[in-house]
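Q: To start, I am sharing the structure in question, which I have written as structure tokens.
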Amino acid sequence: MAQKILLLLSTCIMGVFLGTQLAEAVLIVPYWKELSSDAFFELHKTYGKRLYQFYAPLTIASIILPTITFFYSLLGKSKTDILLWVMFISAIMFFSTYFIYFKEANISFAEQTITNEALSKELIRWGNWHWTRVLCEAIAFVCGLILLLKTKWKS
């Protein structure tokens with residue numbers, strides 16, 4: 001039963017996280033791209049830290065819960081479903097994008113180490129990385145949903 005509850009919690013948090021990431025992709029990022037460089041940097045001074053404070057706990061929960069679920073499954077007596085492997089690997093992939101790209105890019109926005117001329121191209125790159133991240137999150141979430149549908153909830 002613990003495995004089922006962990007799977008439910010993992011899928012729920014990934015669904016919430018995916019929803020917020022989609023909202024960022026279709027609402028916030030296009031808005032950023034429309035701003036002048038000066039307006040973007042000014043906005044980032046005000047809201048960059050708030051976005052980080054909002055997304056950091058969701059991101060951490062969205063990697064910790066699937067990881068716990070995955071390893072708990074490995075310790076179990078039955079074989080681990082391939083979808084759980086895919087969910088875990090997809091979660092690792094979306095989480096790793098922070099260290100591969102977003103951490104440095106976000107610092108360059110916060111510290112304005114990127115030139116005004118380079119900003120528009122960097123925001124396009126940021127958006128592309130973000131959609132890659134959303135795809136990994138969607139794969140993990142769909143795997144969780146399928147696993148939940150396959151789960152028999154009677155103990």
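Q: Count, please, the residues in region 46-83 that happen to be surrounded by 13 or more Cβ atoms within 10 Å (Cβ to Cβ), outside any helix (DSSP H, G or I) and without any contact (Cβ under 8 Å) to a residue 12 or more places away in the chain.
A: So the answer is 1.
Q: I've got another one for you. Quick one: which of S120, S108, S90 is closer than 19 Å to A61 by Cα and polar (S, T, N, Q)?
A: S90
Q: Shifting gears a bit: Scan region 85-94 and give yes if some residue there is part of a helix (DSSP H, G or I), surrounded by 12 or more Cβ atoms within 10 Å (Cβ to Cβ), touching a Gly at 6+ places or on another chain (Cβ under 7 Å) and not aromatic (F, W, Y), otherwise no.
A: Yes, some residue in region 85-94 is part of a helix (DSSP H, G or I), surrounded by 12 or more Cβ atoms within 10 Å (Cβ to Cβ), touching a Gly at 6+ places or on another chain (Cβ under 7 Å) and not aromatic (F, W, Y).
Q: Could you please let me know if L43 is part of a helix (DSSP H, G or I), closer than 20 Å to C143 by Cβ and not polar (S, T, N, Q)?
A: So L43 fails the test.
Q: Can you tell me which residue is surrounded by the fewest Cβ atoms within 10 Å (Cβ to Cβ) among those in region 1-30 that are out of contact with any helix residue (DSSP H, G or I) (no Cβ under 9 Å at 6 or more places or on another chain) and over 30 Å from L74 (Cβ atoms)?
A: L27
Q: Can I ask one more? Show the residue pairs meeting these rules: Cβ distance below 8 Å; 6+ apart or different chains; first residue within region 14-33 and assigned to a helix (DSSP H, G or I); second residue surrounded by 17 or more Cβ atoms within 10 Å (Cβ to Cβ) and acidic (D, E).
A: From residues that are assigned to a helix (DSSP H, G or I), the pairs are M14/E137; F17/E137; L18/E137; Q21/E137.
We did not get these values from a lab; they are worked out from the coordinates using the rules stated. What you are looking at is a predicted structure, and each value in this text was computed from that prediction instead of being measured. Please note: Cβ atoms are built from the backbone with ideal geometry, for glycine as well, and neighbour counts cover all protein chains shown.
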